Structures are given as structure tokens and as C-alpha cells.
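Comments concern the structure below.
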Amino acid sequence: MIENPERYIDAFARAGADWITVHQETGYHLHRTIGAIKELGCKAGAVLNPATGAETIAPILGDLDLVMLMSVNPGFGGQSFIRSSLDKTRRLRELIREKNPSCAIEIDGGVSPVTIGEIAGAGANIFVAGSAVFGADDYEKVIREMRETAEKAFFV
């Protein structure tokens, strides 16, 4: 999460980024920034913090390839999953079905072997797991377990 992300999207694209996501809450013109990302040939996504409602993204949902829901408050790793993110994920999945069925939902924060099944069941299909993986003795085992759990639970 950075301030004024529109200043940096060109540099990220030139550096090789295929996907660029920006936080809705940074106070800039989100529609213009999403358009600029797409003009650079990248997939575009918007990020919502825990206190931001899913409906706030509806006006530009048709332009997005991805919506990332922060399921912890950004800032540091190892935080507990905010359970209200499950309802928000379900609501966002409904909006996506109506407006842009190819749009992905990514969850970042508190994703672990314990939470991933419910998260996938709510409609997310991309998962960011930091502490759950890097805090484990066997990365491969944890990743495999989480992948299997998510695939079984995914709502479709």
C-alpha cells in the first residue's frame, strides 16, 4: 500500500509486473488509475481494507481483473484473520457474478490451514499466506494442505 500509486504504475510495468493492484482508499481517481494500468498491458486490481464495504467497488467492477480483500489491517504479518471478511467475500462474489464473472477475488491476511477452507467457500480463489507458510517447518506440506483444502471448499 503506497500513497499516490498512479505515480508508480509505469515503473512497475517497466520492471515486469503483469498484475498491478492499488488500494481504493488512497484517495485518488481509481477509475483513471485502473485504466492507466490496463493501457500498460497489465491486469488491474483494486484492494479494499477491512473497513471498506464490498459495494464501494461496484461502479468499476467491470474494469477489474482482481479485487483483493485485506482480511487484516495492512502493516505487519502474523495478524489474526478478521472473520467479517467472510461476509464481505460472499457479497463481493455476488457483485462479481452480476457485473464481471471473470474477476478474481484475492484474500490477504490471516490465511492459514485453519481459515482457508472457509475463505474459499465464501468465494475467494487467490490466497496470500505469509506467516502460515514461512512460520512452518515444512513449507511444501503446508502449501499442499492449504491448496487441497481450498480446492475442496471453493464455492463453484
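The values are calculated or read from the model by the stated rules, or taken from the named source; none is laboratory data. Because the structure is a prediction, the values reported are computed rather than measured. Positions of Cβ are backbone-derived with ideal geometry, glycine not excepted, and every protein chain shown enters the neighbour counts.
Here are a few things to note about the model shown:
- Flag for ALA124 being surrounded by 14 or more Cβ atoms within 10 Å (Cβ to Cβ), free of Cβ contacts under 8 Å to residues at least 12 places away in the same chain and assigned to a loop (DSSP other than H, G, I, E, B): no
- Looking at ARG147, ARG93, just one residue is outside any strand (DSSP E or B) and touching a residue at least 60 places away in the same chain (Cβ under 8 Å), and that residue is ARG93.
- Residue in the stretch 62-84 that is among the basic types (Lys, Arg) and either in contact (Cβ under 8 Å) with a residue 60 or more places away in the chain or more than 27 Å from GLY135 (Cα to Cα) (or both) present: no
- Taking the numbered list (1) modelled with pLDDT under 90; (2) aliphatic (A, V, I, L, M); (3) within 11 Å of ASP63 (Cβ to Cβ) in turn, MET1 passes all entries but (3).
- Condition met for VAL67 (closer than 16 Å to SER102 by Cβ, modelled with pLDDT of 95 or more, of a type in the set (Val, Ile, Thr) and not in a helix (DSSP H, G or I)): yes
- Test: residue in the stretch 13-33 that is of a type in the set (D, E, K, R), surrounded by fewer than 19 Cβ atoms within 10 Å (Cβ to Cβ) and touching a helix residue (DSSP H, G or I) at 6+ places or on another chain (Cβ under 6 Å): no
This table checks each residue for (1) of a type in the set (Asp, Glu); (2) over 15 Å from the mean Cα position of the chain (by Cα); (3) at pLDDT below 95.
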| site | (1), (2), (3) |
| --- | --- |
| PRO74 | no, no, yes |
| PHE81 | no, no, yes |
| LYS88 | no, no, no |
| ARG93 | no, no, no |
| ASN100 | no, yes, no |
| ILE105 | no, no, no |
| GLY109 | no, no, yes |
| VAL114 | no, yes, yes |
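- Of the residues making up the stretch 115-141, just one is in contact with a Gly (Cβ under 9 Å, 6 or more places away or on another chain), more than 19 Å from LEU48 (Cα to Cα) and of a type outside the set (Gly, Ala, Ser), namely PHE134.
- Matching residues, the stretch 127-136, being modelled with pLDDT under 95 and out of contact with any Pro (no Cβ under 7 Å at 6 or more places or on another chain): VAL128, ALA129, GLY130, SER131, VAL133, PHE134, GLY135, ALA136
- Residues that are part of a helix (DSSP H, G or I) and either small (Gly, Ala, Ser) or within 10 Å of SER112 (Cα to Cα) (or both), drawn from the stretch 127-144: SER131, ALA132, VAL133, VAL142, ILE143
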